[in-house]
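Worksheet: the structure to be examined is printed underneath.
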Amino acid sequence: WDNADFSRGVGTTFYQEFFTLNTAKPPFVRDVEAKIRRYLRSSYSAVWTLKITWEKAPVYAAWTDTRKTITYQAVLTTDGFRSYILMLYQDGGMQWDYTRLTSTNVLIGYT
């Protein structure tokens, strides 16, 4: 997560929390479980999931250009023993000009 700048009133951040220990699982949580099962080839049943969305976030400093934005999500989930994070990026959603960022070692994801 780089320096998104919401100071110009462009873009938003929101979250949704899912407690699914003893409740029916919404389609979003079932999709997260399926992704983890597929990626790790193991069983997984979420008891808690948090979806955070950065929508149309302009790069710092927003005064330079608020038209070039990025939309992405971080999904944190746990079964009570193991925890995972999924980083989801909107297809074609990276519009920041990474050549103008202060850091030159830009990655999408985390290390």
### Query
Can you tell me which residue in segment 33-82 is nearest to the chain's Cα centre (by Cα), limited to those that are of a type in the set (Gly, Ala, Ser) and closer than 25 Å to SER7 by Cα?
ALA74
### Task
Mind telling me which of the residues PHE18, PHE81 ends up being among the hydrophobic types (A, V, I, L, M, F, W, C), farther than 16 Å from TRP96 by Cα and out of contact with any strand residue (DSSP E or B) (no Cβ under 8 Å at 6 or more places or on another chain)?
PHE81
### Query
Of all residues in segment 56-75 being among the hydroxyl-bearing types (Ser, Thr, Tyr) and out of contact with any Phe, Trp or Tyr (no Cβ under 6 Å at 6 or more places or on another chain), which is most open to solvent (accessible area, probe 1.4 Å)?
TYR60
### Task
Collect the residues in segment 6-23 that are within 18 Å of GLY80 (Cβ to Cβ) and open to solvent by 40 Å² or more (accessible area, probe 1.4 Å), keeping them in residue-number order.
GLU17, PHE19, LEU21, ASN22, THR23
### Query
For segment 24-39, how many residues are surrounded by fewer than 17 Cβ atoms within 10 Å (Cβ to Cβ) and either in contact (Cβ under 8 Å) with a residue 12 or more places away in the chain or at positive phi (or both)?
3
### Query
If ILE108 satisfies every condition in (1) at pLDDT below 95; (2) open to solvent by less than 80 Å² (accessible area, probe 1.4 Å) but one, which is the exception?
(2)
### Task
Identify all residues within segment 26-43 that are out of contact with any strand residue (DSSP E or B) (no Cβ under 8 Å at 6 or more places or on another chain) and not in a helix (DSSP H, G or I); write none if there are none.
ARG41, SER42, SER43
### Query
Looking at THR78, THR49, THR53, which one is open to solvent by less than 30 Å² (accessible area, probe 1.4 Å) and in contact with a helix residue (DSSP H, G or I) (Cβ under 9 Å, 6 or more places away or on another chain)?
THR49
### Task
For ILE85, state whether it is surrounded by 15 or more Cβ atoms within 10 Å (Cβ to Cβ), under 25 Å from ASN3 (Cα atoms) and either modelled with pLDDT of 85 or more or of a type outside the set (Ser, Thr, Tyr) (or both).
no
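The values are calculated or read from the model by the stated rules, or taken from the named source; none is laboratory data. No experiment lies behind these values; they were computed from the predicted model shown. Note that we place each Cβ from the backbone using ideal geometry, even for glycine, and neighbour counts take in every protein chain shown. Quick note on the areas: whole protein, heavy atoms, side chains included, nothing else; ligands and nucleic acids left out. Shrake-Rupley method; radii C 1.70, N 1.55, O 1.52, S 1.80 Å.
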